[in-house]
Amino acid sequence: MSEISEEEAARHREKMKKRKAVQDAEVAARTIEKGLLVVNTGPGKGKTTAAFGLMLRALGHGWKVGVVQFIKGHWATGERTAFERFSDLVEWHTMGEGFTWETQDKARDVAAAARAWERAVELMGRKDIRLIVLDELNIALRYDYLPLAEVVETLKARRPDLHVVVTGRNAKPELIAAADLVTEMIPVKHHFDAGVKAQAGIEF
Ligand code: ATP
Ligand code: MG
């Protein structure tokens, strides 16, 4: 390791002091506390896992949380099983039949989406729940299985301290406009393209 001269150390201290002053001022300027509407979208991997990561953070604070899955997966997912350990705090709803390109029955998919949305509205009415994940709601909106304007209005009219996380590709511009925090996942590389299959613990 190279030696750090007195002069260099002093310069570094001065620079860090200035940086800290700027950061402290920025932190002090932010005083609002509110429930956030969070959207995880984009074509890259990590939208759902990020939402569940946030849920874990909330659970660490002893919060009650809710999940509605708008698309039923093929497999029992690791996250669902893991969150069963927090069954006193987690309220989990997976849409009955689920819709995917595999059902090929639009009327059934629309009805399933409506039922899932009803669950979501119920959860939003629960005063004890502080964070709700609406997993793949964007997909239901993308296919017009739910009335977009009504969904966005209901999300906007939620209790002011309630956090809601919506996931799924192709988030509608109206939802993005209503949200406080929007993250677009960009695929830089995905192992699927190299022939790697969906693996337990990584994809489900
Ligand atoms: P995850 O659930 O792993 O966080 P996600 O919610 O961001 O993923 P979805 O659009 O819900 O992504 O798709 C879920 C599945 O599709 C995952 O198994 C994921 O590995 C896979 N996937 C996501 N992005 C890509 C991609 N760019 N190319 C191929 N497969 C992908
Ligand atoms: Mg997902």
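The values are calculated or read from the model by the stated rules, or taken from the named source; none is laboratory data. None of these values were measured; they are calculated from a predicted model. All Cβ positions, glycine included, derive from the backbone under ideal geometry; neighbour counts span all protein chains shown. These accessible areas exclude ligands, DNA and RNA; they are computed on the full protein's heavy atoms, side chains included. Shrake-Rupley method; radii C 1.70, N 1.55, O 1.52, S 1.80 Å.
Go through the residues of the range 142-153 one by one and say whether even a single one is among the aromatic types (Phe, Trp, Tyr) and under 20 Å from residue 122 (Cβ atoms).
From the range 142-153, those among the aromatic types (Phe, Trp, Tyr) are 143, 145; that's our starting set.
From the residues that got through so far, the ones that are under 20 Å from residue 122 (Cβ atoms) too are 145.
Yes, the range 142-153 contains a residue that is among the aromatic types (Phe, Trp, Tyr) and under 20 Å from residue 122 (Cβ atoms).
Being part of a helix (DSSP H, G or I), closer than 23 Å to residue 181 by Cβ, in the same structural domain as residue 169 (by TED's automatic domain parsing) and at pLDDT 95 or above, is that true of even one residue in the range 78-92?
Yes, the range 78-92 has at least one match.
Could you say whether any residue in the range 128-139 is in a loop (DSSP other than H, G, I, E, B) and either outside the structural domain of residue 51 (by TED's automatic domain parsing) or open to solvent by 60 Å² or more (accessible area, probe 1.4 Å) (or both)? Full working, then the answer.
Taking the range 128-139 first, the residues in a loop (DSSP other than H, G, I, E, B) are 128, 136.
Subset that is either outside the structural domain of residue 51 (by TED's automatic domain parsing) or open to solvent by 60 Å² or more (accessible area, probe 1.4 Å) (or both): 128.
Yes, because at least one residue in the range 128-139 is in a loop (DSSP other than H, G, I, E, B) and either outside the structural domain of residue 51 (by TED's automatic domain parsing) or open to solvent by 60 Å² or more (accessible area, probe 1.4 Å) (or both).
Could you list, in sequence order, all residues of the range 143-168 that are out of contact with any strand residue (DSSP E or B) (no Cβ under 6 Å at 6 or more places or on another chain) and either in a strand (DSSP E or B) or within 11 Å of ligand 1 (Cβ to nearest atom) (or both)?
168
Return a yes/no flag: does the range 104-126 have any residue that is within 20 Å of residue 55 (Cβ to Cβ), part of a loop (DSSP other than H, G, I, E, B) and modelled with pLDDT of 95 or more.
Among the residues of the range 104-126, at least one is within 20 Å of residue 55 (Cβ to Cβ), part of a loop (DSSP other than H, G, I, E, B) and modelled with pLDDT of 95 or more, which makes the answer yes.
So which pairs qualify, if the first residue must be in the range 170-185 and free of Cβ contacts under 8 Å to residues at least 40 places away in the same chain, the second must be open to solvent by less than 80 Å² (accessible area, probe 1.4 Å), the Cβ gap must be under 8 Å, and the two must be at least 6 apart or on different chains?
172/138; 172/141; 172/148; 172/152; 174/148; 174/149; 174/152
Hey, can you tell me all the residues within the range 16-53 that are within 16 Å of ligand 1 (Cβ to nearest atom), in a helix (DSSP H, G or I) and open to solvent by 60 Å² or more (accessible area, probe 1.4 Å)?
Within the range 16-53, 49 is the sole residue that qualifies.
For the range 175-194, check the following and say yes or no: at least one residue is surrounded by 19 or more Cβ atoms within 10 Å (Cβ to Cβ) and either on the phi > 0 side of the Ramachandran plot or within 16 Å of ligand 2 (Cβ to nearest atom) (or both).
Kept after step one, since they are surrounded by 19 or more Cβ atoms within 10 Å (Cβ to Cβ), are these residues of the range 175-194: 175, 179.
Checking the rest, the ones that are also either on the phi > 0 side of the Ramachandran plot or within 16 Å of ligand 2 (Cβ to nearest atom) (or both) come to 175.
Yes: the range 175-194 contains one or more residues that are surrounded by 19 or more Cβ atoms within 10 Å (Cβ to Cβ) and either on the phi > 0 side of the Ramachandran plot or within 16 Å of ligand 2 (Cβ to nearest atom) (or both).
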